[in-house]
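The values are calculated or read from the model by the stated rules, or taken from the named source; none is laboratory data. Please read all numbers here as calculations on a predicted model, not as lab measurements. No Cβ is skipped: glycine too gets one built from the backbone with ideal geometry, and neighbour counts run over all protein chains shown. These accessible areas exclude ligands, DNA and RNA; they are computed on the full protein's heavy atoms, side chains included. Shrake-Rupley method; radii C 1.70, N 1.55, O 1.52, S 1.80 Å.
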Amino acid sequence: MERKLPEGVKAALIDMDGVLYDSMPFHAASWHRLFTELGVTTSRPEEYYLYEGMKGSDTIGMILKRELGRETTQEERDAIYHQKTELFKHCGEAPMMTGAKDMLEGLRKLGIDTVLVTGSAQGSLLDGLDRDYPGFFPRHKRVTALDVNNGKPHPDPYLKGLQKAGVKPEEAIVIENAPLGVRSGKAAGLFTIAVTTGPIPAEAFEKEGADLIFPNMTSFAEWINNI
Ligand code: CA
């Protein structure tokens, strides 16, 4: 398959966890610990890669309902999510994803603007963006869990990203590492690139309709820099 970017791309809407930071192993470990503490005996760290991209409070509501038959209020989910962000912070600093900076610089060389679109509200990561990726994600070019009611896999986060980028759908691309993130990008009608930085096989991304799939960030960055 010959890989091609659509003509006239002006903006890239870029996910954070598993794209800019190699943070998913820490997130999976934090979720596992959180749910084990809440009495969910079936919890396995691997499971949480499947929900990657969802808002944390949505994941909490879904799992407590499924495993404990328990309804939760938004207030309760927010409080539990706060515990999860604390557990995540204690994992230490998530490393930057190898190749992510090269990828951003390659996009810039092509004249493509960058906008962050994340389901996260993890302050410790969001605060690090200016330090780790200076100039790429100014505050007005970020969509976080706090900006939308319906998180991924709904199209809303990427539609909001499109607004912040100020471009038409055919002028934007999405860069994602999670199947639900790809679903969200495609639901927004956008050309969606999957970079499989975690344990989920490429087939899962094909199923969601990813337009291009790369096996890791380094190979994607190399491709972008050679366009
Ligand atoms: Ca992600």
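Among the residues making up the range 5-14, those that are among the hydrophobic types (A, V, I, L, M, F, W, C) and either open to solvent by 50 Å² or more (accessible area, probe 1.4 Å) or not in a loop (DSSP other than H, G, I, E, B) (or both) are Ala11, Ala12, Leu13, Ile14. The sole residue among Leu110, Leu68, Leu38 that is more than 16 Å from the ligand (Cβ to nearest atom), closer than 16 Å to Ile224 by Cα and open to solvent by 10 Å² or more (accessible area, probe 1.4 Å) is Leu110. Out of Ala121, Ala94, one residue alone is in contact with a strand residue (DSSP E or B) (Cβ under 8 Å, 6 or more places away or on another chain), within 24 Å of Val182 (Cβ to Cβ), of a type outside the set (Ser, Thr, Tyr) and assigned to a loop (DSSP other than H, G, I, E, B). It is Ala94.
Assessment of the range 90-99 against the conditions (closer than 23 Å to Asp127 by Cα, of a type in the set (D, E, K, R) and open to solvent by 10 Å² or more (accessible area, probe 1.4 Å)) yields at least one matching residue. For the range 15-35, a residue qualifies if it is within 13 Å of the ligand (Cβ to nearest atom) and open to solvent by 20 Å² or more (accessible area, probe 1.4 Å), and the qualifying residues are Asp22, Pro25, Phe26. Determine if the range 161-170 includes at least one residue that is under 14 Å from the mean Cα position of the chain (by Cα) and either within 16 Å of the ligand (Cβ to nearest atom) or assigned to a loop (DSSP other than H, G, I, E, B) (or both). Yes. Given the structure, is Gly128 modelled with pLDDT under 95 and either among the polar types (S, T, N, Q) or not in a helix (DSSP H, G or I) (or both)? Answer is no for this residue. Out of Glu2, Glu76, Glu46, one residue alone is out of contact with any Ser or Thr (no Cβ under 6 Å at 6 or more places or on another chain), open to solvent by 20 Å² or more (accessible area, probe 1.4 Å) and either within 13 Å of the ligand (Cβ to nearest atom) or at pLDDT 95 or above (or both). It is Glu76.
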